[in-house]
Every structure is written in C-alpha cells, then in structure tokens.
Amino acid sequence: MIQLPVRDPCDLCVAARDEPWKIIDESAHTLTVINPWQFETGQCCVITRRHVATLLDLSDEECAAIMTSAKRAAEALVRTYRPLGVLTFQNNGVYSGQETPHFHFHVVPRQPGSDWGIGPPQLATFDGAGRERGTVHERDGDAERMTRVRVPVDQLVETVKRIRSNLPA
Ligand SMILES: [Zn+2]
C-alpha cells in the first residue's frame, strides 16, 4: 500500500486555481508549473488538472498528455538555458520522496555547479542527509538547502515568462 503525503490545502490545486502566474504551459489534461524551489533555474513540473496522487491513478489519456507536455517543457528549457542535460523524475508515495499528494512530473535543466548532485535531490543527498534506506523522506536535513533555493515571486514570474516564450509552437 503506497503511503501518501498529506498537504491540505493541496499546493498544486492552489497553483492551478489561484496562481496563474506559475503556469508555463497547459493542455486538456495537464498544466506545466514553475517549482517554487529552484534547485536549478527553470525547473518545473507537469501536473494533472485532476487532483490525483500517483502514476497509478492516471488514465491512459493523462499518461500520454504528461509525456507530451514534459517534452514541450524540455524543449523550452533547452532553448532558454542551454543546459548540460535535462533530468525528469516523478515520486509515488512518501517512501519515494513524494511531498505533495497531487501527481507531478519534474522536468529539470541541469547546469554545472548546481547544489544538487546526480538524480532527484532527495536521493542525490541520501548519504549526506544521513537518511536510512527504506525510510520516509524527511526534509529536516534539507532545511538550509530549501531556504537557499526558494526564490522571490517576481523572479519566478520572470522565469515563467522566459520559458513560456520558448515553448514550441
Ligand atoms: Zn491537488
């Protein structure tokens, strides 16, 4: 049984409903939104319009739409930032590092010298954070990093505009 995180209200439903400035791209089934924690400048997530928690809850139409939207986001990020690589990942359940109970597929432009490591951040810092395998992801060890990568709203707004201007037609 996959154990889900609790976040009430759901920050991604709030973003979809009340924070249009976070939205980079949209389709019938998805929204692409900027991540308020910019471990890498431009990192964003493709989310479902429906409030569903994990990969296992998706319809086939949503699955296809998510990958199409992720590709569009990756193309825009490459045009905008010329990254060395693009990392995509997605977490299902608290034991995988999921922190919001609303499906989201990360799309991250990787640059040299970032405060990240290889792989998703909660795994990249696994040993350094003192976590034990098979445990719930705790953010305690991440507090300083999370503070460092939280950027002001006006900066996020500019980032969204830049990426949006580079989306494929
Ligand atoms: Zn939600």
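The values are calculated or read from the model by the stated rules, or taken from the named source; none is laboratory data. All figures in this text were calculated on a predicted structure; none of them were measured in a lab. Here Cβ is always computed from backbone atoms with ideal geometry, including for glycine, and neighbour counts include all displayed protein chains. Heads up: the accessible areas ignore ligands, DNA and RNA and are worked out on the full protein's heavy atoms, side chains in. Shrake-Rupley method; radii C 1.70, N 1.55, O 1.52, S 1.80 Å.
Of all the residues in region 28-66, those that are of a type in the set (Gly, Ala, Ser) and surrounded by fewer than 16 Cβ atoms within 10 Å (Cβ to Cβ) number 3.
Starting from residues that are in a helix (DSSP H, G or I) and surrounded by fewer than 19 Cβ atoms within 10 Å (Cβ to Cβ), keep the ones in region 13-27 and report whichever is nearest to the ligand (Cβ to nearest atom). Here the answer is Cys13.
Scanning region 81-97 for any residue that is assigned to a loop (DSSP other than H, G, I, E, B), open to solvent by 40 Å² or more (accessible area, probe 1.4 Å), under 28 Å from Lys161 (Cβ atoms) and within 16 Å of the ligand (Cβ to nearest atom) turns up at least one such residue. Residues in region 37-77 that are more than 16 Å from the ligand (Cβ to nearest atom) and assigned to a strand (DSSP E or B): 2 in all. All of (1) more than 16 Å from the ligand (Cβ to nearest atom); (2) open to solvent by 20 Å² or more (accessible area, probe 1.4 Å); (3) at pLDDT 95 or above hold for Gln111 with one exception: (3). Give me the pairs: first residue in region 144-169 and in contact (Cβ under 8 Å) with a residue 24 or more places away in the chain and within 26 Å of Ser27 (Cβ to Cβ), second residue open to solvent by less than 30 Å² (accessible area, probe 1.4 Å) and in a helix (DSSP H, G or I), beta-carbon distance under 6 Å, and six or more apart or on different chains, which are they? Listed by first residue and then by second, the contacts come to Arg162/Thr80; Ile163/Ala76; Ile163/Thr80; Asn166/Ala76; Asn166/Thr80; Leu167/Ala76.
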